[in-house]
Amino acid sequence: MKLKLFGAVGMALLLAACSDHANKNVNTGAATQQVGPAPGSEADLVATAGDRVLFAFDKSGLSDDAKATLDKQAAWLAKYPQVHVQIAGNCDDRGTEEYNIALGERRANAAHDYLVAKGVDASRLTTISYGKDRPTAPGDDESAWSQNRNAITAVQ
Amino acid sequence: MTSSVKPLIPDDDAARLAAAFGRRGFMAGGVAGGLAATPLFAPGHAHAQAAAPGAEEITVDQARTAPIPIVLPSLGTGVAQQITDVISADLGNSGLFRPISATMPQGTPDFPTFKAMGARAVMTGRVMDQGSSLRVEFRLWDVPTGTQIQGTAYTAAAQDWRRIAHIIADVIYGRLLGEQGYFNSRIAYIARSGPRSHQVTRLAIMDQDGADSRYLTNGQWLTLMPRFNPSNSELAFLSYANYRPRVYLFNLSTGQQRILGDFSGISFAPRFSPDGSSVVLSVTRGGGSDIYVVDLATMARRQLTASGAIDTSPSFSPDGSQIVFNSDRGGAPQLYIMSASGGDAKRISYGHGNYGSPVWSPRGDLIAFARIANGSFSLGVMAPDGTGERILTEGFTVESPSFCPNGRVLAFCRQSSGGSNGAGFATGISTIDITGFHERALPAGSASDPAWSPLNK
């Protein structure tokens, strides 16, 4: 995974350097300076497709919004065929610790299966579940819980 | 004064504990010496006798309503006072005793005075500092009859003074209630620190009263769900080591960890079988999770469920013949029971809301669980056939129940709501009597996932 990550970053730097070349205002000489996120990077995934889909309480069904996001993720992954991603499923804290490990995995699996159906090679995808132990929002109200019921795609 | 003085038989516990203390692992504190227990006969009595009288006319149920008044005079200053305090805290916190402090009587207690105070029993004793070791002489007297019902001298390394105090508290519990106590035991748990969105979690262990806590892992990886094996020598737990969440075994003597089986899915929610020969756990597959049992001698695995749903949180009955578990096969998470060899499962939870985290009492008569309804948690118990459901306590989050060795008390995790920004979040370990009384927070700091050990060996 380290090598793959390095490859992705290396290519991003290369692309950044090319774009920098065209930018007359560059004066630092820093190859990393760029306007937007490096293509193929995590930040690029977030900006281009969105890195996460949200779920209803105790559910793993994909909403239309979720499918639209995953469609964009699939297109993005098609554009960067060397990129591997891990999909992490998460839950709000209104379930038990153990059940939520399985529920989070079920959510990650739902996103995984959708991406595969959209043509992403399964060998580029892994899943993990953090149950309720990695909440995006630290609070405990419906707004926080709705953010914490998710599957987050991360570039490896 | 009455003086049908009866002898003092060293009770079985003391002898067993003494035998076992010689092989303590590093978790017990790295003590070189063992703990010896020898009988102390009642004054004026000449050895070998019939069994000492118990006090079994007092049941735990009676003591719950009317805690047993017991005089616990200070055994002395310094460590002797500390030992007295631990004994008094153990007994008092159980809710079954009402410790009464008094000045130290030497020799045979002044029974009429103690009787007038309403005391049922009195402890006497003394602590002798022998440099690196301690000798603690302990006697327990029945006030109504004026008889000594226990007398034992314990000798152990000086740093083991807490252990001696817990053993004495267990002997008092056992002699007066006719049941084995649970004070000489530990609780494994997950110590938590850092921001809620990414808490550092360490496997940790402490005495059942919260003393002597120590970390077993360094917090590098997310770590959850510790469970003791029946011989108290190993923990099963979930570690996210190398981002591959799997069940591991942690040897409490050597500190070594090894993965349990090599499952392709996430393995989690482990529990040992009552005979310690196997571990039952849950493994994710597709959109669900299946229950497996892994034989520890051969590492052979057997799949017990394949419902396609989430089947998790398995827990053996104490006779090893059945397993209670959590499943959403019917649509929402509920509790089910099946044979330990798998097969048909029968749903046992029918109350309002979702159920989870079932654990079978070591007495066999109850299953404790967490229930979630209307956005908040309850902790309860029910009979294995699903009848007699009782809620013991409620809260924003109350989960992960774990029975003490004699099944009379549960440890659990209590968490408060984070509110709109997370500032209100707190997580800790509490204990509660299985009747719902005597809830108290343990001084474990920010913690979750309590797992009560068997009695220490």
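The values are calculated or read from the model by the stated rules, or taken from the named source; none is laboratory data. Only a predicted model underlies this, so the values are computations on that prediction, with no experimental measurement involved. Cβ sites come from the backbone with ideal geometry, for glycine too, and all protein chains shown count toward neighbours.
Quick notes on this structure:
- Condition met for B:PRO401 (part of a loop (DSSP other than H, G, I, E, B), more than 10 Å from chain A (Cβ to nearest Cβ) and either under 23 Å from B:ARG227 (Cα atoms) or in contact (Cβ under 8 Å) with a residue 24 or more places away in the chain (or both)): no
- Residues within segment B:119-175 that are in contact with an Asp or Glu (Cβ under 6 Å, 6 or more places away or on another chain) and farther than 16 Å from B:LEU72 by Cβ, tallied: 1
- Checking each residue in segment B:412-437 for being assigned to a strand (DSSP E or B), under 15 Å from the mean Cα position of the chain (by Cα) and more than 14 Å from chain A (Cβ to nearest Cβ) picks out B:SER430, B:THR431, B:ILE432, B:ASP433.
- When segment A:130-156 is filtered for residues that are within 11 Å of another protein chain (Cβ to nearest Cβ) and under 14 Å from the mean Cα position of the chain (by Cα), the ones remaining, listed by number, are A:THR136, A:ALA154, A:GLN156.
- When B:GLY286 is tested against (1) closer than 21 Å to B:PRO230 by Cβ; (2) at pLDDT below 95, only condition (1) is not met.
- Test set (1) touching a helix residue (DSSP H, G or I) at 6+ places or on another chain (Cβ under 6 Å); (2) within 21 Å of B:SER361 (Cα to Cα) - B:SER315 fails condition number: (1)
- Residue, surrounded by the most Cβ atoms within 10 Å (Cβ to Cβ), within segment A:49-74, restricted to residues that are in contact with a Gly (Cβ under 8 Å, 6 or more places away or on another chain) and without any contact (Cβ under 8 Å) to a residue 60 or more places away in the chain: A:THR69
- Check on B:PRO318, away from chain A (no Cβ under 13 Å), free of Cβ contacts under 8 Å to residues at least 60 places away in the same chain and not charged (D, E, K, R): yes
- Test: residue in segment A:92-100 that is among the small types (Gly, Ala, Ser) and closer than 21 Å to B:PHE369 by Cβ: yes
- Filter pass, B:SER264 being part of a loop (DSSP other than H, G, I, E, B), in the same structural domain as B:THR397 (by TED's automatic domain parsing) and over 26 Å from B:PHE250 (Cα atoms): no
- Filtered by the rule that a residue be hydroxyl-bearing (Ser, Thr, Tyr), within 13 Å of chain B (Cβ to nearest Cβ) and assigned to a helix (DSSP H, G or I), segment A:80-123 gives A:TYR99, A:TYR114.
- When B:LEU203 is tested against the conditions (1) surrounded by fewer than 22 Cβ atoms within 10 Å (Cβ to Cβ); (2) away from chain A (no Cβ under 14 Å), the lone failure is (1).
- Of the residues making up segment B:438-453, those that are within 14 Å of chain A (Cβ to nearest Cβ) and either surrounded by fewer than 21 Cβ atoms within 10 Å (Cβ to Cβ) or more than 14 Å from the chain's Cα centre (by Cα) (or both) number 3.
- The residue that is surrounded by the most Cβ atoms within 10 Å (Cβ to Cβ), counting only those in segment B:278-295 that are assigned to a strand (DSSP E or B) and touching a helix residue (DSSP H, G or I) at 6+ places or on another chain (Cβ under 6 Å), is B:SER289.
- Restricting attention to segment B:324-352, the residues that are under 28 Å from the mean Cα position of the chain (by Cα) and within 14 Å of another protein chain (Cβ to nearest Cβ) total 9.
- Looking across segment B:254-276 at every residue that is among the hydroxyl-bearing types (Ser, Thr, Tyr) and closer than 28 Å to B:SER213 by Cα, the one that is surrounded by the most Cβ atoms within 10 Å (Cβ to Cβ) is identified as B:SER267.
- Checking A:LEU77 against (1) more than 9 Å from chain B (Cβ to nearest Cβ); (2) in contact with a Gly (Cβ under 9 Å, 6 or more places away or on another chain); (3) surrounded by fewer than 24 Cβ atoms within 10 Å (Cβ to Cβ), the condition it does not meet: (3)
- B:SER420 being at pLDDT 95 or above and assigned by TED's automatic domain parsing to the domain that holds B:ASP290: no
- No other residue among B:ASP262, B:ASP295, B:ASP319 is under 16 Å from B:LEU238 (Cα atoms) and among the acidic types (Asp, Glu) apart from B:ASP262.
- Scan of segment A:107-137 for residues that are within 23 Å of B:THR397 (Cα to Cα) and either surrounded by fewer than 19 Cβ atoms within 10 Å (Cβ to Cβ) or in contact (Cβ under 8 Å) with a residue 40 or more places away in the chain (or both), ordered by number: A:ARG107, A:SER129, A:TYR130, A:GLY131, A:LYS132, A:ARG134, A:PRO135, A:THR136
Rundown of residues vs (1) crowded, with 19+ Cβ neighbours inside 10 Å; (2) aromatic (Phe, Trp, Tyr); (3) in contact (Cβ under 8 Å) with a residue 12 or more places away in the chain, yes/no style:
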| position | (1), (2), (3) |
| --- | --- |
| B:SER213 | no, no, yes |
| B:LEU216 | yes, no, yes |
| B:LEU222 | yes, no, yes |
| B:MET225 | yes, no, yes |
| B:GLU234 | yes, no, yes |
| B:PHE237 | yes, yes, yes |
| B:PRO245 | yes, no, yes |
| B:LEU252 | yes, no, yes |
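- Sole residue being among the small types (Gly, Ala, Ser) and either in contact with a strand residue (DSSP E or B) (Cβ under 7 Å, 6 or more places away or on another chain) or part of a strand (DSSP E or B) (or both), chosen from B:ALA89, B:ALA102, B:ALA169: B:ALA102
- Applying the criterion of at least 3 residues that are surrounded by fewer than 23 Cβ atoms within 10 Å (Cβ to Cβ) and not hydrophobic (A, V, I, L, M, F, W, C) to the strands (runs of 3 or more DSSP E) found wholly in segment B:335-376 leaves B:342-347.
- Note on segment B:164-180: residues that are touching a Lys or Arg at 6+ places or on another chain (Cβ under 9 Å) and over 19 Å from B:ALA119 (Cα atoms) total 1.
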